[in-house]
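Only one structure is covered here, and it is reproduced in the block below.
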Amino acid sequence: MLRLASCNKIVLILFPTLLLTAPVFSQDKPDTDETANLQKATQNPVASLISVPVQNNSNFDIPPNKRTQDVLNIQPVIPIGVAKDWNLIIRWITPTIWQPDPSVKDIGFYGIGDMQPTFFLSPKKTGKVIWGVGPYFILPTATNPFLGQGKLSLGPSAVALVQPGHWTIGALVNNAWSVAGPSDRANVNQMLLQYFINYNLEKGWFLTWSPIVTANWQAASGNVWTVPVGGGVGRVFRLGFQPVSLAAQVYGNAARPAGTSSWTLRLQMAFLFPKIPKRK
């Protein structure tokens, strides 16, 4: 636990420094068009762009002892050409979780949570509206019962967005139902809605609003919804020859179940790989 706390403090110190002092995307002569294209591509969940986002969510003030849950998501996005006119976008989330024990002040659980792969089928050629649809899974991979739901769950997922001018506006939604797992674990019926609004500025900077709204349809009345409000800022640039995107966001929960966090700090670094390797 001490090592995790120390790591979090280092991240909180270094991340804003890197964000504010990062060089622009092209270090010698900025390529405005290339930067703008990467800004929009990294904000598009079904873009023809390989990316490896590493996202840390610190959820603060969890009662009764005002403790902090930490969720580090490694979530690579890999597009694969499956036909002349179609891409398959694989989005695979692997969470590493620190979960405080609500009943014991100095005890918690650390390990891998339930992995969440999504497979979007998306047309290569799109009009004004970019979209993708496919199955969403929750795999019971948690290394500790406190870190996962213990059920195999699945359901549909869809994403749609538009990118007029400097804007990217869209939403991603899924709903999962449990289909297998131990009878002593609660059934799963949950929805996730992430709407995202990005406004791209000069020199790789962008403003971003991308709260994750969730609904647990199995919960008692008053504990169904988690509704965050907030946003943040980010930047696309190069670390050496590697294009990356950094973003920092803060959200307060306007609605939340009893016993959960009141606000969240989200820090994300995404490694970008603009060219898709050709299949042999």
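Within the range 141-150, restricting attention to residues that are of a type outside the set (Gly, Ala, Ser) and assigned to a loop (DSSP other than H, G, I, E, B), which residue is nearest to TRP92 (Cα to Cα)? Walk me through it before giving the result.
If we filter the range 141-150 for residues that are of a type outside the set (Gly, Ala, Ser), which is where we start, we get 141, 143-147, 149.
Still in the list and also assigned to a loop (DSSP other than H, G, I, E, B): 141, 143-144, 149.
On the way: THR141: 13, THR143: 18, ASN144: 20, GLN149: 17 Å.
Selected residue: THR141.
Out of the range 222-250, which residues are outside any strand (DSSP E or B) and in contact (Cβ under 8 Å) with a residue 24 or more places away in the chain?
Within the range 222-250, the first condition is being outside any strand (DSSP E or B), and the residues that meet it are 222-224, 240-241.
Selection gives GLY222, ASN223, VAL224.
List every residue pair whose Cβ atoms lie under 9 Å apart, where the two residues are 6 or more positions apart in sequence or sit on different chains, the first residue falls within the range 207-221 and is loosely packed, with under 15 Cβ neighbours inside 10 Å, and the second residue, located anywhere, is in a strand (DSSP E or B) and polar (S, T, N, Q).
If the second residue must be in a strand (DSSP E or B) and polar (S, T, N, Q), the pairs left are TRP217/ASN175; TRP217/ASN189; TRP217/GLN190; GLN218/ASN189; GLN218/GLN190.
Looking only at the range 21-66, which residues are assigned to a helix (DSSP H, G or I) and either at pLDDT below 60 or under 14 Å from LEU239 (Cβ atoms) (or both)?
Our first condition is that a residue be assigned to a helix (DSSP H, G or I); within the range 21-66, this holds for 21, 32-42.
Scanning the range 21-66 gives THR21, LEU38.
Could you list, in sequence order, all residues of the range 70-85 that are under 17 Å from GLN116 (Cβ atoms) and surrounded by 15 or more Cβ atoms within 10 Å (Cβ to Cβ)?
Taking the range 70-85 first, the residues under 17 Å from GLN116 (Cβ atoms) are 71-78.
Listed by number, the residues that qualify are VAL71, LEU72, ASN73, GLN75, PRO76, VAL77, ILE78.
Just name the residue that is farthest from GLN75 (Cα to Cα) out of those in the range 175-187 that are surrounded by 16 or more Cβ atoms within 10 Å (Cβ to Cβ) and in contact with a Gly (Cβ under 6 Å, 6 or more places away or on another chain). Walk me through how you get there before you give the answer.
The initial filter retains those residues of the range 175-187 that are surrounded by 16 or more Cβ atoms within 10 Å (Cβ to Cβ), namely 175-176, 178, 181.
Subsequent filtering for residues that are in contact with a Gly (Cβ under 6 Å, 6 or more places away or on another chain) retains 175-176, 181.
Details: ASN175: 19, ALA176: 18, GLY181: 25 Å.
Top of the filtered list is GLY181.
Going by the structure shown, is SER153 over 23 Å from VAL77 (Cα atoms), modelled with pLDDT of 95 or more and in a strand (DSSP E or B)? Before the answer, list the steps.
Details: over 23 Å from VAL77 (Cα atoms): no; modelled with pLDDT of 95 or more: yes; in a strand (DSSP E or B): yes.
Against the criterion (over 23 Å from VAL77 (Cα atoms), modelled with pLDDT of 95 or more and in a strand (DSSP E or B)), SER153 does not qualify.
Given the criteria hydroxyl-bearing (Ser, Thr, Tyr), assigned to a strand (DSSP E or B), under 30 Å from TYR110 (Cα atoms) and more than 20 Å from the chain's Cα centre (by Cα), does SER178 qualify?
Values: hydroxyl-bearing (Ser, Thr, Tyr): yes; assigned to a strand (DSSP E or B): yes; under 30 Å from TYR110 (Cα atoms): yes; more than 20 Å from the chain's Cα centre (by Cα): yes.
Taking the combined requirement at face value, the residue satisfies it.
Being among the hydroxyl-bearing types (Ser, Thr, Tyr), over 18 Å from TRP92 (Cβ atoms) and part of a strand (DSSP E or B) is the requirement here; does THR168 meet it? Don't jump to the end; show me each part of the working.
On the way: among the hydroxyl-bearing types (Ser, Thr, Tyr): yes; over 18 Å from TRP92 (Cβ atoms): yes; part of a strand (DSSP E or B): yes.
Yes, satisfied.
Using the structure shown, decide if ILE138 is more than 26 Å from PHE109 (Cβ to Cβ) and either in a strand (DSSP E or B) or touching a strand residue (DSSP E or B) at 6+ places or on another chain (Cβ under 8 Å) (or both). Outline the logic, then answer.
Values: more than 26 Å from PHE109 (Cβ to Cβ): no; either in a strand (DSSP E or B) or touching a strand residue (DSSP E or B) at 6+ places or on another chain (Cβ under 8 Å) (or both): yes.
For ILE138, the condition - more than 26 Å from PHE109 (Cβ to Cβ) and either in a strand (DSSP E or B) or touching a strand residue (DSSP E or B) at 6+ places or on another chain (Cβ under 8 Å) (or both) - is not met.
For the range 117-172, which residues satisfy the criterion of being surrounded by 19 or more Cβ atoms within 10 Å (Cβ to Cβ), in contact with a Gly (Cβ under 8 Å, 6 or more places away or on another chain) and closer than 27 Å to TRP209 by Cα?
Matches in the range 117-172: THR118, PHE120, SER122, ILE130, TYR136, SER157, VAL159, LEU161.
Mind checking which residues of the range 132-146 are over 17 Å from ASN189 (Cα atoms) and under 18 Å from the mean Cα position of the chain (by Cα)? Explain how you work it out, then say what you get.
Taking the range 132-146 and keeping what is over 17 Å from ASN189 (Cα atoms), we get 132-134, 141-146.
Within the range 132-146, GLY132, VAL133, GLY134 qualify.
For the range 186-206, enumerate the residues that are closer than 27 Å to ALA270 by Cβ, in contact (Cβ under 8 Å) with a residue 24 or more places away in the chain, in a strand (DSSP E or B) and not aliphatic (A, V, I, L, M).
Those that are closer than 27 Å to ALA270 by Cβ, in contact (Cβ under 8 Å) with a residue 24 or more places away in the chain, in a strand (DSSP E or B) and not aliphatic (A, V, I, L, M): GLN190, TYR195, PHE196, ASN198, TYR199, ASN200, TRP205, PHE206.
Could you check the range 67-130 for strands (runs of 3 or more DSSP E) lying wholly inside it with 2 or more residues that are touching a strand residue (DSSP E or B) at 6+ places or on another chain (Cβ under 7 Å) and either under 17 Å from ASN44 (Cβ atoms) or of a type in the set (Ser, Thr, Tyr) (or both)? Talk me through it step by step, then tell me what you get.
On the way: elements: 67-74, 77-83, 86-100, 108-112, 116-123.
Filter on the range 67-130 gives 77-83, 86-100, 116-123.
The values are calculated or read from the model by the stated rules, or taken from the named source; none is laboratory data. Just so we're clear, the structure is a prediction, and the values are computed from it rather than from any experiment. Ideal geometry is used to build each Cβ from the backbone, glycine not excepted, and the neighbour counts take in all protein chains shown.
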